[in-house]
Amino acid sequence: MVILILSAFVFPIILKSFGPGKGVALQLTTLLLLIIILVFGAFCLSAMATFLLLENKDECTLNTIAVTPIGASGYIMFKMTYIYIMSVITTIIVLLGTKLIAGDQYTIGGVSLFDNIGVIHIISFAVVSGLFVPALALFQGAFAKNKVEGFALIKGTGTVALIPALLILEAFQGKLQYILGVFPNFWAVKGIMLELFPINNSANLSYSMYLLIGTVYSILMLVIVYRFFLKKAEY
């Protein structure tokens with residue numbers, strides 16, 4: 001709800017504050033705010049999921065869960081599944097709500113960017129980008145020994161989560177964009193950004209291809225960090 005309030009009411013006020021003759025600044029700000037809308041909600045959910053995992057580690061509740069029929073691995077899988085589902089639902093709510101409430105406020109060259117995407121784009125983006133949430137949570141939970149370390153790690157990875165913001169730079173609109181592909185959240189964000197604001201560049205892939213690569217890469221990363229977390233956790 002906080003992200004939706006920002007995207008539907010606060011960010012449009014920021015965009016309206018730009019006076020005439022500031023077309024380039026307005027365009028860059030619009031694209032930057034869009035990327036914040038796309039990635040920040042997922043990062044917040046991953047931070048919450050990290051604290052849930054660290055709570056279990058601090059209270060040693062995984063020791064008890066490990067001897068139940070579901071086991072520690074099944075419990076972690078269950079938690080990450082509902083975190084993923086919540087991520088998908090909230091992303092859909094934020095994007096669809098922004099489109100319906102303030103979609104005409106996000107314009108470049110007099111064209112509303114949200115007119116370029118429909119419900120299918122929003123749902124497919126949410127499904128793929130949501131995979132980054134449990135992967136990041138498990139990664140942070142594996143390396144942090146307690147909630148204090150977890151908080152510090154979350155603050156540090158916040159910068160990584162906003163890596164897609166570099167896409168607004170002209171240098172990363174060509175082949176150099178794939179350097180950012182090391183980060184799983186790049187692929188879905190790049191795909192939806194091209195739908196919102198199409199840029200003709202021979203280095204670009206199609207929307208479906210960006211999402212396909214993002215899905216495969218994110219699932220691979222999720223499996224790796226899931227197993228890593230189980231090895232690092234003390235049952």
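From its DSSP helices (H runs of at least four residues, each -39,500 (n - 2.57)), the chain gives a residue-normalised ellipticity at 222 nm of -22500 deg cm²/dmol. Peptides 93-103, 6-16 ordered by packing proxy, namely the average of other Cβ atoms within 10 Å per residue, highest first: 93-103, 6-16. Considering only Cα-Cα distances, which of the following residue pairs are longer than 25 Å: Lys57/Lys190; Lys147/Lys190; Lys145/Lys190; Lys79/Lys231; Lys79/Lys190? Pairs exceeding 25 Å: Lys57/Lys190; Lys147/Lys190; Lys145/Lys190; Lys79/Lys190.
Bridging of Lys232 to aspartates and glutamates at a Cα separation below 16 Å is possible for Glu55, Asp58, Glu59, Glu149, once same-chain residues fewer than 8 apart are set aside.
Evaluating 6.51 cos²θ - 1.76 cosθ + 1.60 at θ = phi - 60° for every residue in the stretch 77-89, the Karplus couplings come out as 4, 4, 4, 5, 5, 6, 5, 5, 4, 4, 5, 4, 5 Hz, glycine and proline recorded as x.
Using the Cβ-Cβ distance between Val182 and Ala152 with R0 set to 25 Å, the FRET efficiency works out to roughly 0.65.
Our coupling estimate for the stretch 43-57, obtained by passing each phi through the Karplus curve with A = 6.51, B = -1.76, C = 1.60 and θ = phi - 60°, is 5, 4, 5, 5, 5, 5, 5, 4, 5, 4, 5, 5, 4, 5, 5 Hz, Gly and Pro reported as x. Translational diffusion of the stretch 122-181 was estimated from the Stokes-Einstein equation, with Rh taken as the Kirkwood radius over Cα pairs; at 37 °C and 0.692 mPa s the coefficient is 245 µm²/s. Straight Cα distances below 20 angstrom link Lys16 to the lysines Lys99, with same-chain residues fewer than 8 positions distant left out. Computed in the context of the full set of protein chains, the accessible area of the chain at 1.4 Å probe radius has 72% of its extent on carbon or sulfur.
For the chain, the spread of Cα coordinates along the three principal axes comes to 64, 36, 30 Å, biggest extent given first.
The values are calculated or read from the model by the stated rules, or taken from the named source; none is laboratory data. Source: prediction; values computed, not measured. All Cβ positions, even for glycine, are placed from backbone atoms using ideal geometry, and neighbour counts span all protein chains on display. Surface areas here come from the heavy atoms of the whole protein model, side chains and all, with no ligands, DNA or RNA. Shrake-Rupley method; radii C 1.70, N 1.55, O 1.52, S 1.80 Å.
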